[in-house]
Amino acid sequence: MESEQALSERGWLAAFVAALAALVGGSVVATELVYDRFVWQYFWGPIYSDAMNARCAVNTGEGTELLGSAAACQAAEATGVVAYTGYSTVSTVGYMVVLVFMLAGVYFLLDRLEVGEDKRLFLSLVPFMLFGGAVRVVEDVTDAAVGAGVDPIISYPLNVLFISPVIYVTVFVITLGALLASLRLESAGVVENRYRALAGIGIAVLVLTLAYLFFVAATREYAEFYPQILVVDVGLASVLAYGMYVAADRYEPAINRGTGVVGLGILWAHAIDGVANVVAADWLPELGHPIDAYGAKHVANRAIIGITEAIQPASISAVIGTSWPFLFVKLAVALGIVWLFDEQIFEESPRYAVLLLVAAAAVGLGPGTRDMLRVTLAI
């Protein structure tokens with residue numbers, strides 16, 4: 001068994017090295033095709049553009065030009081390779097492939113550390129998921145400072161660490177450090193429970209991040225504080241998640257049987273993301289917010305809004321908005337995930353099941369927390 005595990009780990013490492021070599025080698029040998037039209041246009045360019053608070057970045061062959069309007073970006077497509085801030089279909093698929101691949105690597109790591117079979121690991125990592133979304137807003141605050149003509153505390157290239165998708169690496173490194181520290185504290189007899197120690201570290205970094213954001217809102221003109229956004233987002237998401245969890249428990253107990261309370265965490269994570277998107281897109285004027293609406297960055301959300309605008313009567317859209325189907329899609333997907341993880345999965349591979357559930361919650365709670373806090377600070 002150990003030899004099979006070692007072979008699997010070596011296979012994963014070999015695949016990682018081969019993919020990296022192909023990417024680097026292709027960028028050198030076929031620069032225009034591999035680097036300019038793939039790496040730059042869909043991955044690094046959008047990150048660089050976001051870090052510089054631009055609408056897009058244009059690789060002209062002689063340098064990089066930053067543009068601030070959609071019209072200018074479209075015009076630049078005739079003279080260079082344009083990388084738009086945000087996600088595209090290509091980058092979304094690419095990041096999903098990388099995520100699945102890296103999950104396998106994390107699984108091997110957790111196996112080496114002999115941790116991850118207990119569902120308590122999921123609960124102890126929830127503060128880190130919230131921290132991931134909150135620390136992304138630190139970069140949004142930096143952008144707001146630049147827009148107001150104030151020197152930011154964090155600037156390029158350091159701010160790249162807090163921009164999607166690089167921020168996932170940043171949060172992972174911090175979380176891994178906290179996990180190793182909690183294991184060390186438990187083995188040394190300093191703490192009795194590794195999971196409580198891990199959750200404590202997560203809460204500490206989350207509180208520090210929130211304290212910074214609220215301090216900026218209270219002392220700087222380029223940020224404000226609208227607590228009603230937090231109340232509506234968290235309140236409505238909690239009611240929807242708990243209602244679905246209780247309904248599933250009553251009418252189809254098999255849905256929650258495998259995950260237990262972790263299933264409620266999955267539902268809540270995606271409810272936060274769904275509600276935050278709907279509030280940001282359609283409900284702000286009714287909540288007394290100075291910004292009419294925030295645009296959707298994610299491909300799925302933009303597509304759903306586009307379809308709704310096409311088939312929903314304008315009179316109805318004026319009343320309920322066009323982003324509401326995204327919330328129902330998020331809740332349906334979350335419920336499907338909870339249903340999928342039955343008792344058999346946890347019996348056969350508990351560590352892998354817990355790891356997948358952590359990833360499933362993180363991709364909802366991280367972006368949802370970021371959207372919620374960004375709107376709360378009106379930046």
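Within the stretch 218-249, can you find the residues that are under 30 Å from Asp342 (Cα atoms) and of a type in the set (A, V, I, L, M)? Explain how you work it out, then say what you get.
Let us first name the residues in the stretch 218-249 that are under 30 Å from Asp342 (Cα atoms), namely 233-249.
Those that are under 30 Å from Asp342 (Cα atoms) and of a type in the set (A, V, I, L, M): Val234, Leu236, Ala237, Val239, Leu240, Ala241, Met244, Val246, Ala247, Ala248.
Check whether at least one residue in the stretch 124-138 is more than 18 Å from Pro367 (Cα to Cα) and either buried (at least 20 other Cβ atoms within 10 Å of the Cβ) or modelled with pLDDT of 90 or more (or both), and report yes or no.
Residues of the stretch 124-138 that are more than 18 Å from Pro367 (Cα to Cα), as a first pass: 124.
With either buried (at least 20 other Cβ atoms within 10 Å of the Cβ) or modelled with pLDDT of 90 or more (or both) added as a condition, the list becomes 124.
Yes: one or more hits.
Restricting attention to the stretch 215-234, does a residue exist that is within 17 Å of Lys330 (Cβ to Cβ) and of a type in the set (A, V, I, L, M, F, W, C)?
The initial filter retains those residues of the stretch 215-234 that are within 17 Å of Lys330 (Cβ to Cβ), namely 232-234.
From what's left, of a type in the set (A, V, I, L, M, F, W, C): 232, 234.
So far as the stretch 215-234 goes, yes, one or more of its residues are within 17 Å of Lys330 (Cβ to Cβ) and of a type in the set (A, V, I, L, M, F, W, C).
Here are the criteria: (1) within 23 Å of Gly149 (Cα to Cα); (2) in contact with a helix residue (DSSP H, G or I) (Cβ under 7 Å, 6 or more places away or on another chain); (3) in a helix (DSSP H, G or I). Tell me which single one Tyr42 does not satisfy.
Among (1) within 23 Å of Gly149 (Cα to Cα); (2) in contact with a helix residue (DSSP H, G or I) (Cβ under 7 Å, 6 or more places away or on another chain); (3) in a helix (DSSP H, G or I), Tyr42 violates only (1).
Would you please list the contacts, defined by Cβ atoms under 7 Å and residues six or more apart or on different chains, that run from a residue in the stretch 98-119 that is in a helix (DSSP H, G or I) to a residue that is open to solvent by 60 Å² or more (accessible area, probe 1.4 Å)?
Tyr107/Tyr352
Within the set of pairs 6+ apart or on separate chains, which have a first residue in the stretch 24-37 that is among the hydroxyl-bearing types (Ser, Thr, Tyr), a second that is open to solvent by less than 40 Å² (accessible area, probe 1.4 Å), and C-beta atoms under 7 Å apart?
Sorted first by the residue in the stretch 24-37, then by its partner, the pairs are Ser27/Val34; Ser27/Val39; Tyr35/Ser27.
Looking at (1) more than 18 Å from Arg370 (Cβ to Cβ); (2) assigned to a helix (DSSP H, G or I); (3) open to solvent by less than 70 Å² (accessible area, probe 1.4 Å), which is the only condition Arg196 fails?
Unmet condition: (3).
Under 8 Å between Cβ atoms, at least 6 apart or on separate chains: pull out the pairs that start in the stretch 186-206 with a residue that is under 15 Å from Leu121 (Cα atoms) and charged (D, E, K, R) and end on any residue that is open to solvent by 40 Å² or more (accessible area, probe 1.4 Å) and not in a helix (DSSP H, G or I).
Cβ pairs passing all conditions: Glu186/Glu192.
The values are calculated or read from the model by the stated rules, or taken from the named source; none is laboratory data. Keep in mind that what you see is a predicted model, and the values were worked out from it rather than measured. Heads up, the Cβs are rebuilt from the backbone with ideal geometry, glycines too, and the neighbour counts pull from every protein chain shown. These area figures cover heavy atoms from the full protein model, side chains too; ligands, DNA and RNA do not enter into them. Shrake-Rupley method; radii C 1.70, N 1.55, O 1.52, S 1.80 Å.
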